[in-house]
1. Would you please list the contacts, defined by Cβ atoms under 7 Å and residues six or more apart or on different chains, that run from a residue in the range 181-205 that is outside the structural domain of E314 (by TED's automatic domain parsing) to a residue that is exposed (fewer than 15 other Cβ atoms within 10 Å of the Cβ)?
2. Which number in (1) away from ligand 1 (no atom under 16 Å from the Cβ); (2) of a type outside the set (D, E); (3) at pLDDT 90 or above; (4) in contact with a helix residue (DSSP H, G or I) (Cβ under 6 Å, 6 or more places away or on another chain) marks the one condition that V292 misses?
3. When you check K458 against the structure, is it more than 20 Å from H352 (Cβ to Cβ), buried (at least 16 other Cβ atoms within 10 Å of the Cβ), more than 16 Å from ligand 2 (Cβ to nearest atom) and not assigned by TED's automatic domain parsing to the domain that holds A122, yes or no?
4. Quick one: what pairs do we get from the range 9-37, first residue among the hydrophobic types (A, V, I, L, M, F, W, C), second modelled with pLDDT under 90, C-beta under 6 Å, 6+ apart or different chains?
5. Only one of (1) more than 15 Å from ligand 1 (Cβ to nearest atom); (2) at pLDDT 95 or above fails for G329. Which number is that?
6. Considering only the range 388-412, state which residues are among the hydrophobic types (A, V, I, L, M, F, W, C) and either more than 16 Å from ligand 2 (Cβ to nearest atom) or touching a His at 6+ places or on another chain (Cβ under 8 Å) (or both).
7. Could you please give the count of residues in the range 400-414 that are touching a Ser or Thr at 6+ places or on another chain (Cβ under 7 Å) and crowded, with 21+ Cβ neighbours inside 10 Å?
8. Could you list, ordered by first residue, the pairs with Cβ atoms under 8 Å in which the first is in the range 239-255 and closer than 15 Å to S204 by Cβ and the second is part of a helix (DSSP H, G or I) and hydroxyl-bearing (S, T, Y), at least 6 apart or interchain?
Amino acid sequence: MTDQLSSEPASKAKFSHQQSLFKRFKRLSPYFFTQKGAWALAILATAIAAATEPLIPAAFKLLLDRGFQKGSLEIWQVPATILTIFAIRGVAGYVTELVLTNITASGLQQLRRQMFDKLLTAKLDLFKNQSGSELANTVVYEVQNGSMLLVNSIISFVRDSVTLIALVGYLLYLNWKLTLVVAIIFPGVALVMVVLTKRLYKLSKSSQVATDELAYVVEENVLAHRDVRLHHAQEQQAERFSHISQRLKSLSIKTTSASAAMKPATQMMAAIALSAVISIALFQSNTSGTTVGAFTSFVMTMLLVVAPIKHLSEIANPITRGLAAIERGFDLLDQTPSETYGSFNSNRSTGHIEIKDVTVQFSPNLEPAVKQLSLTIQPGETIALVGASGSGKTTLVNLLPRFIQSNSGSIELDNVDIKDWDLDNLRQQFAMVSQHVYMLNASLAHNVALGQKIDQDKVWECLKAANLEDFVSELPLGIHTLVGHNANQLSGGQRQRLAIARALYKNAPILILDEATSALDTQSERAVQSALTVLMKNRTSLVIAHRLSTVEHADRIVVMEAGSIIEIGSHAELITQNGAYAKLYRLGLGESHAA
Ligand SMILES: Nc1ncnc2c1ncn2[C@@H]1O[C@H](COP(=O)(O)OP(=O)(O)OP(=O)(O)O)[C@@H](O)[C@H]1O
Ligand SMILES: [Mg+2]
């Protein structure tokens, strides 16, 4: 039961990329590999730092062999050597870090900007298919984690390879026979590590999924906190939560058991290698006279070799994860179609709209929401759309600014197909107060003047016309008051009036009102209605309203049913006709008179 409820959060890395590693890296190059100079500097600095690795055991050899024999080494030379080595490493490390951060940050900035631009221009289907949190996760977190993982693993690949080559070279130089003996033992260590690492990776992947699920349960319960309490579903939710956290607990114990075993296992292997080396070295010193310094230095170097080998054996993992994360971002860029722009431009359209035989079907197994509908709207005309819930009114008006596409038929504005209009220019022709207006978390003035420069006098004028002036002038900050997330700090009716003020401010030639006054009480509605009546003058207007008293004065009333127009005419004509509208009106009148 609980399992059905916990619908899995978007599983990451679900895209199986069949391209070669080379191609995948090539896709990254415009963002992360254009700064050739910076990369050269980072690699050079890393290589220099890595090459100093054998210098420490070498210094010890020198110290042990000659330092403790009087007169053969000046005392100052010892600290000077050690300090020099560490200074070189310090500077090189610092430079690398700085340059890499620079490369990552600028690539990331560019990539994120492009992704955000994509969000602003993508076909609107994107927002049907992906949730806000998924998109935010991709744009904000995934690409950042991915690029950091990738850039860091590239540089650690360079560092560890150079370190390894330098150290092994030094080992061979010191004692090639002994080195060969060690080389035989090492694969064993590597094997243990690989097996344990694989298990660890699997476990951490499962923990990741479980953590995501746990976070999802929390998120859902935060959003639905009122419903959960009202329906007394706390116990159900608590059980769902503890079910997942129980799984997390057992995963974390398994993870610890695998990672804790790693240390003793590798130490045991190292001990075996060390004992072998010491025995052989002792045997060799009897026969060929290896020095104490050379021996100590050899053991030190041998221990230093472990780290780069370990890192190199694990390098595939962060690269795979990093690529998968960044590719989520590339998928957004490459596989999301953008809206198509036409080229027709007009300063101000006359508002002549011609809808010809338009059909909209949201999916093949659904009835069309709009069925072969035709309607001509004259410039300056006020058209009211009425009809039962679900009859297709919102769908019809959403076609005009191309928020949705029709499956067949065409729509012309000023005798030009809306597909041929420049899209930005087309949308400039419409002011819209829709059923779901979204307010930005900014000041009232910013929300009213959205997309335009804020003219304070004009903002006040629009607020006044929307019957919001009294409310706003009582706020300590006036029009500079922040409205909070989606204007949640306003009441439903205040939000609706704010949306009306926004539409007034835009002053577009065509006005679309979709239940624009539904959240208002009769008195405010009347006050706003007079502003809207002024606004509708000389403009083409489409008004959708359930309260028929508000549409009585429209030039023509269009009655819709199941996606088609069933009646059309003025209020008086339709009442005389005594059809569907007359019936609706009688019902509606009774309701509004009682209210
Ligand atoms: N994005 C969508 N995907 C699938 N179906 C949709 C979508 N939007 C609307 N519909 C369906 O299309 C039909 C018409 O919806 P529409 O929103 O146009 O109705 P409406 O007349 O505005 O209703 P209301 O008066 O309740 O606002 C409905 O059956 C609805 O379920
Ligand atoms: Mg609607």
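1. Every condition considered, no pair remains.
2. (3)
3. When the stated conditions are applied, K458 passes them.
4. A10/E134; A13/A324
5. Checking G329 against (1) more than 15 Å from ligand 1 (Cβ to nearest atom); (2) at pLDDT 95 or above, the one that fails is (2).
6. Going residue by residue through the range 388-412, those that are among the hydrophobic types (A, V, I, L, M, F, W, C) are 388, 396-397, 399-400, 403-404, 411.
Matches in the range 388-412: I411 only.
7. Looking only at that region, the number is 2.
8. Short answer, once both residue conditions are applied: L248/S207; L248/T211; L251/S206; L251/S207; S252/S207; T255/S204; T255/S207.
The values are calculated or read from the model by the stated rules, or taken from the named source; none is laboratory data. Since this is a predicted model, take the numbers as computed values, not measurements. Here the Cβ is made from the backbone with ideal geometry for all residues, glycine too, and neighbour counts use every protein chain on show.
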